[in-house]
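See structure below.
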Amino acid sequence: MIRTASVLGALGMAFWYLVQAGSFSRYHVLVFLLGLAYPHFSYFLETRLEASRQIEHTTLLLDAFISGSVMHFMDFSLLPSLAVAMIAIANPVAYTGFSMIGWSVLAMLLGIALPSWTYGLNFAPGGLLEINLTAAIYLFIYYCMFAYAVFVRTNALQKSRRELHQQKIIVEIEKKRSDALLLGILPDAVAKEFESTAAVAPRRHERAAVLALALPELSRSAEKLGPAEFFAELNHVFKALDAICGRHGLESIKASGDRYRAACGLGQHSVADAEAILRAALEIRRFLEEHNAARAARNLSPLSFQIAAHAGAVVAGVVETRKFGYDLFGDAAVDVEHILRHAPCGDVVATGALCEREGSGFAFRHLEDVPVGKDRRISLYVVTPSSGRP
Amino acid sequence: MSRGATDCREHTHADLLTAALSRLFGQLEAHALADLVSRIELQELARGERLYLQGEPGTNMHILLTGRLQVRVKTEDGTERVVAHLQPGEAVGEMALLTGARRAATIVATRDCTLGALTRQDFDNIVSRHPDVFSHIARFVIGRLTNTQARAAVRSLARTIAIVPLHATIDRDAFCRRLQLALLRFGSNIRLDSTIMRHRFPAGFAGGEADRFLDECEHTHDFVLLEASDRPTDWTRKCLGFADRILLVASGTAPPQLTALERDLLAHVDREGYVLPELAILHPAGVQPAGTRDWLSGRSLARHYHVPMGGSEGFNRLARFLADRAVALVLAGGGARGFSHLGVIRALREHGIPIDAVGGTSFGAIAATGPARCIEIEHMIEELSHAFINERPLDDYTVPVVSVIRGDRLDRLLAHYLDMDIEDLPIPYFAVSSNLSANRVEVHDRGSLWRAVRASISLPAILPPVLRDGNLLIDGGVLNNLPVDVMRERIHGRIIAVDLSVEHEYRLAQQALPTGFEYLKGRLLPWKEPIEAPTLARVIMKTTTLASRREVEIARRSADLYMNVPLAEYDLLDWAKFHAIVDRGYQYACRTLSEHTAANPAIVHREDAFDLLAAARLTL
């Protein structure tokens, strides 16, 4: 745009000079026609071919050639020639940096040489006052336009840079959110490992303690209540279990169907704490008892529940199915499910292995010995708080 | 009541008394203890009755056996403030035994109480017979005087919270469930509503039966939630009378006028002996609070909360406040060094430490608006960097009659970004300024946010002071640069204080101050070393924070986690080094927090930021 204007302006100035000087030839007409047609042609090419570099360079060289011719037409009048020469050099610098200066100068010299060869060289740098004034105004307008173009460009650049920065912030925030979502699935210690190594090594924990809970009559309750109401209650109960386990330092492992499972002693530093798991179990029992009292007040039948606590070795790791999950395996994990079947409703049952570790603060009553596998037997105890606050 | 029942009650009271005495005064000799118990007289106090009046001479001490007492203190400006609740087993008025001093607080019964009273005469008699009793009680009194914080911590444990819905449109059940779940993270809780209570006590709850059941619940649970209804029923009255805290729950979409229930039951809070209620305004997901001013006018409230119904953070925050486990952030002033607050806030967020209340002085007050508006810290950084680097609000010099900087540009900028009321902010906020006219610290926690910030950052002589009700307000750093004490008065919980004071002294290399010409030469001539001169701005900034050094020292000791970002090489006026200063704050806070985490491997749960802060206090 600005280049087209500068070429047309230079031609206009030369035309004005030639009319003043009264020397008009066939060559002049040719150059004028070329000069009038070519900017439109180059503009057309640029818009259609998305401004390939080659076309840009060629048109820049043509600009310089025409500028040379114009200088010759005006018999090298000092101010107009200087203006045209400056613009012929400034344009390539603005577009391509300094790499094309040499070629532009060459093209300009060619523009001078070609008419000189046919018409001879008329060197009269004095020039007319009017033409000098016109040249000055032309130069002034050109630089205003040039400055404006620079301004528009810088603005656009700043804006895009700002937008880029904002995009970056949004991406960062989104990433944090998705990280938080993923890490919500995993226990904290495991999540930290996942954060640093992007993988979780399965581990065997010799001294873990596992808590299992079953709500055997849940399905019947689901039939009575509407789906929304049923899920509201289920969410409330399981979230409460999460909160209680969290406060006592237990890791909630998973809730599936009417089962809930939590464990402690899985972290790298933490040691299985039998007291914590028994306290959590008793608090869960109290929570469910109160929940049942609230149900009774609303003429709903109580939810029966079984709670079992066990200690032993487990293997813990991440199971990478389509639904990523952290789970426990191993003897203790299997046994606790088995024990759950023998637990009386509404009581907390602990195994001998767990009771051995924690003697104070709780009262244990022997329940029965349950056979597990071929030749193992596990003794079960009912746990109650011994005194004071459970 | 039959004779047997009375005996039984007195018997239990004697037991309670013995247990309380040995807990308060340590191991007394058996016969001294028996003598003491026999001298103590039982005294009944009905709800709403006053035990002490602040300022009256004291002649005896009391031990609370059943019920609840409320401690109120009248402050200098004439307003009365509830400072504590006393639970059974606690003693009051013990100073009267030793010195006969005037009562330091007004004490009112918020439930029917039974107290044990010991007069000064009886005490003197006992001391003459068992001199070691005196040393036990003196130890107890001195312990109390020197360790008021610890005392507050013991007191705030068991909590009975009445939940009073103000509008019928509120889903009471859902609200209580969500609050109950959030509270479960801090302790066991039980929720009692009229249906459950009527099921349990079909004859009504007027008799002592229901009271005993509620007492029992308080004993076995950390929190008891009493769910009242939106009509003035017997049960609602019972809830209000029994509660340690009353939480009014309002729907943000309803009109803010007083409801019929409030007019009926809560109009005379003092006379009835109820505690001052708190107000939780529920907002539908995605709706910003607005017009809170109308909610607060006409109600006397201890505090208000905005609870967004979307997401769980609103309920978790409410639970932290109710459990007295809120985490507050206090930010110091310090000019451009204050940018490091942004880095600290970012580090806190990344470590999962919630921010439930913020306050600050001067530049700290600006940085605190980020968490207060609950905007992402990255946006806050962007906003401030744009405001201070691109807009240059402080390049606005004028003829220095009132101040060097005209302040118009700064006003426009603050009004653009912070055009809201402090009451409408999602979390509690305050800014501190110094009142030149009345010569005291001014705390802004109501009204226009940008005006409060503007008052707080009005560096004397640099920025024009702010006029409010004829008072001249200038930079808060003059009187209190790290307002931990102001925060302590407002919230019960953990306080993180971020300071910006540079430890080393401000020294210059040369022997004499450079003349103006020498200074100019150093600045203009490229081959001259620029002379460091104590410029006007620098001297004023230094002077401003110098006066409150002592306060800062006290604040530093009372904060749970004190951070002092090392910023010695940055100047108070280095606005252009924005990103470097933010980053310094971030690095420092990350290092400090992970040091504390590493020192306490037991804290594996990221949610348990509270415990981390507790541990930080221990290692400080």
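Points worth noting:
- Inter-part distance where the range B:19-49 and the range A:214-289 are each reduced to a Cα centre, Å: 43 Å
- Cα-derived Rg to Rh of the range B:160-322, Kirkwood definition: 0.95
- Sequence of A:273, B:445, A:75 when ordered by accessible area, the most exposed leading, probe 1.4 angstrom: A:273, B:445, A:75
- Fraction of alpha-carbon pairs over 19 Å apart in the range A:2-159 - percent: 54 percent
- Over all directions, the projected convex hull of the C-alpha atoms in the range A:163-305 averages 12.0 nm² in area.
- Note on chain B: Kirkwood hydrodynamic radius from all Cα pairs is 27.1 Å, rounded to one decimal.
- Mean residue ellipticity at 222 nm, helices only, chain B: -12000 deg cm²/dmol; runs of at least 4 DSSP H residues each add -39,500 (n - 2.57), and the sum is divided by the number of residues.
- Rolling a 1.4 Å probe over the protein chains gives residue A:116 an accessible area of about 30 Å².
- Evaluating kT/(6 pi eta Rh) at 20 °C and 1.002 mPa s, with the Kirkwood radius of chain A over Cα pairs in the Stokes-Einstein relation, gives 74 µm² s⁻¹.
- For the segment B:181-192, counting C-beta atoms of other chains within 10 Å of every residue's C-beta and taking the mean gives 5.
- Cβ-based net charge around residue A:301, under 10 Å, with every Lys or Arg adding one and every Asp or Glu removing one: +2
- Exercise: per-residue mean of other protein chain Cβ atoms within 10 Å, B:360-372: 0
- Accessible surface, 1.4 Å probe, highest first, among residues B:498, A:29: A:29, B:498
- Shape call, the range B:168-207: gyration tensor on alpha carbons, a/c limit 1.5: oblate
- Scattering curve values for the range B:363-409, log₁₀ I(q)/I(0), Debye with Cα scatterers, q = 0.28, 0.31, 0.33 Å⁻¹: -0.98, -1.07, -1.12
- For chain A, leaving out every one of the chymotrypsin sites (Phe, Trp or Tyr not before Pro) that falls in a DSSP loop and has at most 15 other Cβ atoms within 10 Å, the longest unbroken run is A:124-323.
- Tail beyond 23 Å, pair distance distribution of the range A:271-389 (Cα, percent): 39 percent
- Ellipticity estimate at 222 nm from DSSP helix runs (n ≥ 4, -39,500 (n - 2.57)) divided over chain A, nearest 500: -21000 deg cm²/dmol
- Heavy atoms of chains B and A lose about 2800 Å² of accessible surface on contact, summed over both sides with a 1.4 Å probe.
- 0 to 90° range, to nearest 10: angle between helix B:549-558 axis and chain B longest Cα axis: 40 degrees
- Shielding by partners - mean other protein chain Cβ count within 10 Å, residues of A:237-244: 4
- If you wrap the Cα atoms of the protein assembly as shown in a convex hull and average its projected area over all directions, you get 60.8 nm².
- Convex hull projection area averaged over all views, the range B:403-456, Cα basis, nm²: 4.2 nm²
- Residue-normalised accessible area of the range A:202-385, expressed per residue, 1.4 Å probe, Å²: 46 Å²
- Three-way shape label, the range B:294-422, alpha-carbon gyration tensor, a/c 1.5: prolate
- Subset of A:159/A:192; A:254/B:238; A:168/B:577 violating a 30 Å alpha-carbon distance limit: A:159/A:192; A:254/B:238
- Exposed chymotrypsin sites (Phe, Trp or Tyr not before Pro) absent: longest stretch of chain B, with sites in DSSP loops and at most 12 other Cβ within 10 Å deemed exposed: B:1-505
The values are calculated or read from the model by the stated rules, or taken from the named source; none is laboratory data. Owing to the predicted nature of the structure, the values given are computational and were not obtained by experimental measurement. Glycine gets a Cβ as well: all are built from the backbone with ideal geometry, and neighbour counts include every protein chain shown. Quick note on the areas: whole protein, heavy atoms, side chains included, nothing else; ligands and nucleic acids left out. Shrake-Rupley method; radii C 1.70, N 1.55, O 1.52, S 1.80 Å.
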